[in-house]
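The values are calculated or read from the model by the stated rules, or taken from the named source; none is laboratory data. What you are looking at is a predicted structure, and each value in this text was computed from that prediction instead of being measured. With ideal geometry, Cβ positions are generated from the backbone for all residues, glycine too; neighbour counts draw on all protein chains shown. Remember, those area values only see protein heavy atoms, side chains included, never the ligands or the DNA or RNA. Shrake-Rupley method; radii C 1.70, N 1.55, O 1.52, S 1.80 Å.
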Amino acid sequence: DMEPFCRNSAVARHYAKCFRQRSGECLGFRQDYLYQLQDEPGSTQVFIGELHMKGDFVKFNNNGGSVNKAEHRAHCEIAQAFSHFTFDESHRELLVVDIQGVPAVDEKTGGIKLHLTDPQVHCRYGNYESFGDGDLKEDGVRKFFGTHVCNRLCRKMKLRPVSEYDFIPPKAVVQFPGVSEAFLWTLTAETLKTVRAKYGLAEVVFPNSIIGPLLEAKLWGRTRDTSRAKEAIEQSVERLLKEHCYWVPLSIHVDQVALKNCLAKLDGVQTFPWPGMWPRYVLVHPLKAGPEVEQTLQNQIS
């Protein structure tokens, strides 16, 4: 699948730029290019390619925690520090691994260079769109740090030592519907970004875009603090749902098939059966579409 491949490469290139600025080391990932075959009229076959890399190809680490300690140790040290850096720089949410490519030495300066390709991202909490089958999420992060030994670059960049990462599950989880980007932006600005300081939480993690119909905010901290923060988020969610969605009352039980048939007649409309409300109500987005959905649904089940 090309989308996860491109997504992995884009994330890796972003953090590689940050890494070069922070460490002074020369490390980068090849740019991807999209090609379309034109052998046949109307062909839609496409593929991804990169510029050829000359030299010995080396895998420095993989997505399962393995580290290459036998070849090009100086280059491997940089690769390991880069992976560690991506975790810290992404606020402990993303980890770029499967670092592989061609090691080189600058002829003029003698400095180490790393030309890399085909990385893999572990998304710890699943708050981004898919990074493919190689994304092992929390398990992949644990495997990397299970074998990682901080080196001079990790210390130079003042990355957190492995002992300071606390891989424990969240104390509380708040679910809310992926209504729209505007809904998520408002919830983030008004509540999700403020509850950590307001209630003294250790950590708050939430998606930065709509990645599915159901989203989650994860909270770490003391039980009392996370409970108060969870209640505050739930109150904000309920208030914003009333501002962004139309609540369609259902006089009789309507299953998902009936709703799907109803929505097939309407363009650009989403419904969200919501826990605690279903089957009495269903949320409709956008707000202005609510009356039409209500009337269409009633006509269909009557």
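Can you work out which of the residues in region 276-296 that are in a helix (DSSP H, G or I) and open to solvent by 20 Å² or more (accessible area, probe 1.4 Å) is modelled with the lowest pLDDT?
If we take residues in region 276-296 being in a helix (DSSP H, G or I) and open to solvent by 20 Å² or more (accessible area, probe 1.4 Å), then Thr296 is modelled with the lowest pLDDT.
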Cβ pairs under 7 Å, 6+ apart or interchain, first in region 60-87 and acidic (Asp, Glu), second open to solvent by 10 Å² or more (accessible area, probe 1.4 Å), ordered by first then second residue, are Glu77/Asn151
Tell me, yes or no, whether region 134-145 has at least one residue that is touching a Phe, Trp or Tyr at 6+ places or on another chain (Cβ under 7 Å) and open to solvent by 60 Å² or more (accessible area, probe 1.4 Å). yes
Per the filter on region 146-176, residues in contact (Cβ under 8 Å) with a residue 40 or more places away in the chain, of a type in the set (A, V, I, L, M, F, W, C) and assigned to a helix (DSSP H, G or I) are Leu153, Cys154
Quick one: is Ile211 in a loop (DSSP other than H, G, I, E, B), β-branched (Val, Ile, Thr) and touching an Asp or Glu at 6+ places or on another chain (Cβ under 6 Å)? yes
Select from region 181-202 the residues that are open to solvent by less than 30 Å² (accessible area, probe 1.4 Å) and within 17 Å of the chain's Cα centre (by Cα) and write down the one among them that is farthest from Ala232 (Cα to Cα). Leu184
Of the conditions (1) touching a Cys at 6+ places or on another chain (Cβ under 9 Å); (2) modelled with pLDDT under 70; (3) aliphatic (A, V, I, L, M); (4) under 17 Å from Leu214 (Cβ atoms), Ile301 satisfies every one except a single condition; which number is it? (4)
Mind listing just one residue for me: the one in region 63-78 that is outside any loop (DSSP other than H, G, I, E, B) and farther than 23 Å from Asp166 by Cα and, of those, nearest to the chain's Cα centre (by Cα)? Ile78
What are the residues in region 177-193 that are closer than 13 Å to Pro207 by Cβ, part of a helix (DSSP H, G or I) and hydrophobic (A, V, I, L, M, F, W, C), if any? Phe183, Leu184, Trp185, Leu187, Leu192
Of the residues in region 119-132 that are over 18 Å from Asn61 (Cβ atoms) and either touching a Ser or Thr at 6+ places or on another chain (Cβ under 6 Å) or not hydroxyl-bearing (Ser, Thr, Tyr) (or both), the one that is least open to solvent (accessible area, probe 1.4 Å) is Asn127
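For the structure I just gave you, tell me whether Ser90 is within 30 Å of Lys218 (Cβ to Cβ), out of contact with any Asp or Glu (no Cβ under 7 Å at 6 or more places or on another chain) and open to solvent by less than 60 Å² (accessible area, probe 1.4 Å). If you could, list the steps in order and put the result at the bottom.
Working: within 30 Å of Lys218 (Cβ to Cβ): yes; out of contact with any Asp or Glu (no Cβ under 7 Å at 6 or more places or on another chain): yes; open to solvent by less than 60 Å² (accessible area, probe 1.4 Å): yes.
For Ser90, the condition - within 30 Å of Lys218 (Cβ to Cβ), out of contact with any Asp or Glu (no Cβ under 7 Å at 6 or more places or on another chain) and open to solvent by less than 60 Å² (accessible area, probe 1.4 Å) - is met.
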Selection from region 91-108 of residues outside any strand (DSSP E or B) and either touching a strand residue (DSSP E or B) at 6+ places or on another chain (Cβ under 9 Å) or among the acidic types (Asp, Glu) (or both) yields His91, Arg92, Glu93, Asp98, Ile99, Asp106, Glu107
